[in-house]
Amino acid sequence: MATRVQSVVRDGDGLVVTAADSADRYDRVVVTTAAPLAAALCPDLLPAERDRLQAVQYLGIVCVSLLLDRPLAPYYLTYI
């Protein structure tokens with residue numbers, strides 16, 4: 001199920017994850033998005049935590065896939 005999260009806020013000993021049509025409480029939450037987006041989703045962060053997340057710089061990565069009629073190498077994975 002794809003649901004866009006709007007915020008993750010503290011609520012006592014837990015966390016409330018708010019989406020467009022719901023708000024659910026959890027004991028723990030793992031945010032797996034880019035650090036600056038995580039900072040925006042979590043308004044309860046301490047200023048030092050927010051600053052660290054917003055300071056992360058990213059490099060673009062291109063992942064190329066090849067479909068060949070023969071092996072590129074005798075290994076299962078080949079890093080280029």
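The values are calculated or read from the model by the stated rules, or taken from the named source; none is laboratory data. All of these numbers come straight from a predicted model, not from anything done at the bench. So basically every Cβ, Gly included, is an ideal-geometry build from the backbone, and we count neighbours across all protein chains shown. Remember, those area values only see protein heavy atoms, side chains included, never the ligands or the DNA or RNA. Shrake-Rupley method; radii C 1.70, N 1.55, O 1.52, S 1.80 Å.
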Hits in segment 12-51 - residues which are of a type in the set (A, V, I, L, M) and in contact (Cβ under 8 Å) with a residue 24 or more places away in the chain: 34, 41
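Restricting to segment 41-80, count the residues that are among the β-branched types (Val, Ile, Thr) and open to solvent by 100 Å² or more (accessible area, probe 1.4 Å).
Taking segment 41-80 and keeping what is among the β-branched types (Val, Ile, Thr), we get 56, 61-62, 64, 78, 80.
Those still in the list that are open to solvent by 100 Å² or more (accessible area, probe 1.4 Å) too: 61-62, 64, 80.
Of the residues in that region, 4 qualify.
To keep it simple, each residue is scored yes or no on (1) at pLDDT 90 or above; (2) of a type in the set (Lys, Arg); (3) more than 20 Å from the chain's Cα centre (by Cα).
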| residue | (1), (2), (3) |
| --- | --- |
| 37 | yes, no, no |
| 46 | yes, no, no |
| 50 | yes, yes, no |
| 59 | no, no, no |
| 65 | no, no, yes |
| 74 | no, no, yes |
| 78 | no, no, yes |
